[in-house]
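Here, each number is a calculation from the coordinates, and none is a lab measurement. Bear in mind the structure is a predicted one, so any value in this text is a computation, not a measurement. Glycine gets a Cβ as well: all are built from the backbone with ideal geometry, and neighbour counts include every protein chain shown.
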């Protein structure tokens, strides 16, 4: 497969399965780049937050600092990256040009202050600021969803990735709606709408329904593209169906306090994750390019963290928590394993492939054959990325063990390692853009 495609005739629908990551339909590089930049900075701040407030993660998930760090990671890093990736990949994978690049660019300048206000509002327990931030971020995400929806309706050529994308965006919309309701309830307690287990519902809609399902779908194209292997999406429909049923079971069961439905939903979600992991491992094992670079190794390692997180989620739903570990600490460790270990490491890994490709394409592709241009792998120092990879693996393992043991200092030491890893990713981004 070719990861980059120069301008040329439009590809037929049959080629949508194996297109590159940049074509004549791609938006201006500045559109996804601003969201990618936010994602990188927010990820760095989230890891640094573990150093500052590590002990808080050994207590209650309702701690203001825990909520602040959670939203730096989920809203700033994960949603920021998702928005950038969607603006870049939808025109390529689904052959649907973005309806309004201007709306996408303007939306960023609403989203950014919204994220900042929400995080500060949580961290400093400022309900009014939290409400303002939720309104701004919610409006920006709504604009993004409208932009993407119109783009798809106007010209998408559908494939399995499109089905995952639609499910992911619907989950994002539901998660944001619920999040805004909760945030505005903090700002105006008298008018609060009480929803049982709202945090559980919101978290699973965002992390599993939106982020994980999107990663599952997109990986059916990106793993073959970058690892040079055959596509293997025969079970993708089952992965999606199990995942949607799982997240609906968790959400509906939690909202109505139906314990059996929640437990069934957890099993279905874990089955979806397990089936996708089987497919992903099969694609990696059959690759032509035997040696994995640092970016693909990040993505490969994330599969293991997904399996761990899925198991922890089932254990939490069924009450199988080891003696000596509080349910709150188990829930926080489960969230960290999923958000950082699977979603975070997968995103970082794929970003190490996509970002250099896009920077090279937009800067050097027109010069090929006219003058000497650098190779994509020469745009950044991969040795630094490898160092960041090992720091990330050790840091995450230490953070989970420390959270479960109630050892705040251990979480802070883990935060130092994870911050070093995040700095390596930020360094790659800067190096790539400077070249």
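The alpha carbon gyration tensor of region 168-303 gives principal lengths a ≥ b ≥ c with a/c of 1.5 or higher and a/b greater than b/c, which makes the shape prolate.
Taking the Cβ of each residue in 231, 24, 257 as the centre, tally the other Cβ atoms inside 10 Å and list the residues starting with the fewest. Don't skip to the answer; put the middle values down first.
On the way: 231 17, 24 13, 257 10.
If I rank by nearby Cβ atoms, fewest first, I get 257, 24, 231.
Each of 110, 262 has some number of other Cβ atoms within 10 Å of its Cβ, and from fewest to most they run 110, 262. Each of residue 62 and residue 321 was given a label point 7 Å from its Cα along the Cα-to-Cβ line. The distance between the two points is 1.4 nm.
Could you please rank 279, 293, placing first whichever residue has the fewest other Cβ atoms within 10 Å of its Cβ?
Ranked by crowding around the Cβ, least crowded first: 293, 279.
Rounded if a/c is under 1.5, else prolate if a/b beats b/c, else oblate: with a ≥ b ≥ c from the C-alpha gyration tensor eigenvalues square-rooted, which is region 150-224? Walk me through the numbers on the way to the answer.
On the way: a/c = 4.31, a/b = 2.19, b/c = 1.97.
Note, shape of region 150-224 comes out prolate.
Just checking the listed ones, 369, 410, 255: in the Gaussian network model of the chain with Cα springs under 10 Å, the one fluctuating most is 369. Springs between Cα atoms under 10 Å define the GNM used for the chain, and in it the highest mean-square fluctuation of 27, 61, 374 occurs at 374. Remark: the Cα gyration tensor places the chain in the rounded category, a/c being less than 1.5. Taking 173, 155, 324 as the candidate residues, the one with maximal mean-square fluctuation in a Gaussian network model of the chain, Cα springs under 10 Å, is 324.
For the chain, take the longest principal axis of its alpha carbons; what is the angle in degrees between that and the long axis of helix 213-227, to the nearest 10 within 0 to 90? Approximately 40 degrees, to the nearest ten.
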